[in-house]
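Engineer: This is the structure, below, for whatever I ask next.
The values are calculated or read from the model by the stated rules, or taken from the named source; none is laboratory data. Bear in mind the structure is a predicted one, so any value in this text is a computation, not a measurement. Glycine gets a Cβ as well: all are built from the backbone with ideal geometry, and neighbour counts include every protein chain shown. These accessible areas exclude ligands, DNA and RNA; they are computed on the full protein's heavy atoms, side chains included. Shrake-Rupley method; radii C 1.70, N 1.55, O 1.52, S 1.80 Å.
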Amino acid sequence: MSFTARYGPAATGPAVTSDVLALQLARRSVRRFGPRDVTGDELTAIVAAAQSAATSSNLQPWSVVAVRDPDRKKRLAALAGDQAFVAQAPLFLVWVADLGRARRLAQRAGVPLDGADYLESTLVGFVDTALAAQNAVVAAASLGFGSVFVGGLRDHPEKVAAELHLPPHTVAAFGLALGEPDPAEQADVKPRLPQAAVLHHELYDAAAADEHIPAYDATLAAYNTRFGLRGAWTDRVLTRLRGPESLAGRHTLRTTLERLGLPSR
Ligand SMILES: Cc1cc2nc3c(=O)[nH]c(=O)nc-3n(C[C@H](O)[C@H](O)[C@H](O)COP(=O)(O)O)c2cc1C
């Protein structure tokens, strides 16, 4: 288990470890894949892990679409902002926040479902989808697969919905490109903020936490330099969130969700 990869060379780790911890600490986004396919059995195991995640009130408000068809993967890669690795991965999982199943239950029972109109329900859909998908990531890693999330699907949610025949009251929250990591990929475990910047004891202390950011900026800038990239973490955060124009068209998501049947009152 490598604490130094995750937090930089000066970090000292705890005196505990486990196989799961080692797997989780070694996780990184994989964007280049080898030829090994993901078998049907492996997909079944990965989805079982996803379904084993906790889910609010056992609502299970998500679905997942497994895409293997090369042409469909290419179209989704284009919709996700021309991210070629989506098409290169043997398996592309599209994680769907799904209030449609509950809506259909209500329709069949002839009862109202007005609670589904509220932001709380949409949030529950997205939160539970993400919990499930992260379980899938760890399960896939345990089988030797790497993966990368693809939020780029939210650049064009309606076109993605049309491509996958998503029913009303559902939205593709993100994708997950999955496959055997290509060892030639130029990437490594990406360092994270020191725990002192994110972990508070009893009370939140923003000033004390933020003191640790300059050191992380230096660590991440060094990581980026290793891979021919520039900039520290602070620059990245401020650029990514500078204004609506930096959201790759997703600043209209609220109205798009309404059109898809997730009104979020
Ligand atoms: C919800 C979500 C969406 C993401 N979308 C993309 C994406 O569209 N393209 C991409 O290359 N990486 C995407 N990522 C990966 C992040 O860029 C990556 O996790 C982050 O830079 C940290 O690097 P690491 O995963 O290697 O530790 C996404 C991650 C998350 C959690």
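Engineer: What is the residue count in segment 135-150 for residues that are open to solvent by 20 Å² or more (accessible area, probe 1.4 Å) and under 15 Å from Trp95 (Cα atoms)?
Structural biologist: Here the count works out to 2.
Engineer: Of Arg6, Arg27, which residue is within 16 Å of the ligand (Cβ to nearest atom) and open to solvent by less than 50 Å² (accessible area, probe 1.4 Å)?
Structural biologist: Arg6
Engineer: Sticking with this structure for a sec: Looking only at segment 5-58, count every residue that is under 30 Å from Gln83 (Cβ atoms) and among the hydroxyl-bearing types (Ser, Thr, Tyr) and tell me the total.
Structural biologist: Looking only at that region, the number is 6.
Engineer: Turning to a different aspect of this structure: Could you tell me which of the residues Val111, Val171 is more than 30 Å from Val189 (Cα to Cα), β-branched (Val, Ile, Thr) and either out of contact with any Pro (no Cβ under 8 Å at 6 or more places or on another chain) or modelled with pLDDT under 95 (or both)?
Structural biologist: Numbers: Val171 fails: either out of contact with any Pro (no Cβ under 8 Å at 6 or more places or on another chain) or modelled with pLDDT under 95 (or both).
From the options Val111, Val171, the qualifying one is Val111.
Engineer: Here are some residues: Arg72, Arg36. Which one is in contact with a strand residue (DSSP E or B) (Cβ under 9 Å, 6 or more places away or on another chain) and part of a loop (DSSP other than H, G, I, E, B)?
Structural biologist: Arg36
Engineer: Can you name the number of the only condition in (1) modelled with pLDDT of 95 or more; (2) outside any helix (DSSP H, G or I); (3) not aliphatic (A, V, I, L, M) that Pro9 fails?
Structural biologist: (1)
Engineer: Looking at Ala106, Ala97, Ala102, Ala132, which one is part of a helix (DSSP H, G or I) and buried (at least 19 other Cβ atoms within 10 Å of the Cβ)?
Structural biologist: Ala132
Engineer: Okay, next question. Need pairs with beta-carbon distance below 8 Å; first residue in contact (Cβ under 8 Å) with a residue 60 or more places away in the chain and within segment 116-132, second open to solvent by less than 10 Å² (accessible area, probe 1.4 Å) and part of a helix (DSSP H, G or I); sequence gap 6+ or separate chains.
Structural biologist: The qualifying pairs are Ala132/Ala50.
Engineer: Please note which helices (runs of 4 or more DSSP H) are completely contained in segment 141-226 and include at least 3 residues that are not assigned by TED's automatic domain parsing to the domain that holds Leu76.
Structural biologist: 195-198, 206-210, 213-226
Engineer: Scan Val127, Val86, Val148 and give me the residue that is among the hydrophobic types (A, V, I, L, M, F, W, C), within 13 Å of the ligand (Cβ to nearest atom) and either more than 19 Å from the chain's Cα centre (by Cα) or within 22 Å of Arg265 (Cβ to Cβ) (or both).
Structural biologist: Val127
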